[in-house]
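Single-structure report; data block below.
The values are calculated or read from the model by the stated rules, or taken from the named source; none is laboratory data. Treat the numbers as computed from the prediction; the structure is a model and nothing was measured. Cβ: placed from backbone, ideal geometry, glycine included. Neighbour counts: every protein chain shown.
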Amino acid sequence: MLLIECPHCGPRAEIEFRYSGEAHMVRPAAAAACDDATWAAYLYLRDNVRGEHAERWRHTHGCGQFFNVVRDTLTDRVVTTYPAGHARSAAGGEI
Amino acid sequence: MSDLILTLGDTSASRAPDEAQLLLHGHPRDRAALSALAGFDLSDTMLASTAGSGWHALHLSPDEWLLVGPNGGRGDMAARFAEAPIVLSLVDISDRSVGIDLTGPLADDLLAGGCPLDLATLSPGGCTRTLFGKVTVLLWRRDDGWRMSHARSYDAYVVDLLCAVAEDLASP
Ligand SMILES: [Zn+2]
């Protein structure tokens, strides 16, 4: 079982959390005006990286907060965690 | 009331008394104003609790405090927040949840039978939501033992699991 460091509660067992997809997905500013390809990309296109991946998790059975995790998809190792709304931290590279 | 649920040597689990529980959400930057409304200091340390005039405030999330106090005082406490000039939410969850008090030398072992949390990380006054089996529970380490509270509809499951753990601990 993964041990995930909630930025608010500290290290907790994986079963207290829910995975919530890739992090830092930015909604197109003028959603109503943007073209189909841009909107489809926002909805469906994800990086699917092999290696360090920034993703959203929610501490469902804890503080209830969403936050971000950089996890290595190859080794399942959690590299770092940081609060929602923060830029991807140094350990994981660019935003 | 203290309905006994189980005993295991000097350790026991019993029904927690009926208390008022008001769930307060507000912005962390408004903590001083929220404290003034509550009438006592709300903790800014996560997973810690503070107390004042018969009430306790459990800091369960950066923007969330659970106010626990005497049943008779719930209307008065709720009224203090009604006309507040800051953005907040106060929900009376007293009837939603039920509690179990665990006391005695094997209280930690009873909880550990269903809980993935390192219980030693919570010092007296410490509190957190976690899992007990498949159910979200609130754990609160009090001076005389643990208070575990959970949704009323899950109570039969929680009690059954607690009894199963006790049976395991009792068997040689
Ligand atoms: Zn948390």
- Message: Which numbered condition in (1) surrounded by 16 or more Cβ atoms within 10 Å (Cβ to Cβ); (2) under 30 Å from residue B:165 (Cβ atoms); (3) not hydroxyl-bearing (Ser, Thr, Tyr) is the only one that residue B:63 fails?
- Response: (2)
- Query: So is residue B:89 polar (S, T, N, Q) and surrounded by 14 or more Cβ atoms within 10 Å (Cβ to Cβ) or not?
  - Reply: no
- Can you find even one residue in segment B:116-139 that is within 14 Å of another protein chain (Cβ to nearest Cβ), in contact with a helix residue (DSSP H, G or I) (Cβ under 6 Å, 6 or more places away or on another chain) and in a helix (DSSP H, G or I)? yes
- strands (runs of 3 or more DSSP E) fully within segment B:36-93 counting 3 or more residues that are within 13 Å of chain A (Cβ to nearest Cβ) and touching a residue at least 24 places away in the same chain (Cβ under 8 Å): B:55-61, B:64-69
- Item | Candidates A:91, A:84, filtered to the one that is within 16 Å of the ligand (Cβ to nearest atom), modelled with pLDDT under 95 and more than 29 Å from residue B:114 (Cα to Cα) | A:84
- Only one of (1) modelled with pLDDT of 95 or more; (2) touching a strand residue (DSSP E or B) at 6+ places or on another chain (Cβ under 6 Å) does not apply to residue A:1, and that is (1)
- Boolean, residue B:96 is more than 10 Å from chain A (Cβ to nearest Cβ), closer than 21 Å to residue B:152 by Cα and not small (Gly, Ala, Ser): yes
- Being crowded, with 18+ Cβ neighbours inside 10 Å and over 15 Å from residue B:18 (Cα atoms) is the filter here, so list the residues in segment B:92-103 that pass it. B:102
- Hey, does segment B:156-169 have a residue that's more than 30 Å from residue B:26 (Cβ to Cβ), more than 14 Å from every other protein chain (Cβ to nearest Cβ), outside any helix (DSSP H, G or I) and touching a residue at least 40 places away in the same chain (Cβ under 8 Å)? no
- Could you pull out the residue among A:41, A:54, A:37, A:31 that is within 12 Å of the chain's Cα centre (by Cα) and aliphatic (A, V, I, L, M)? A:54
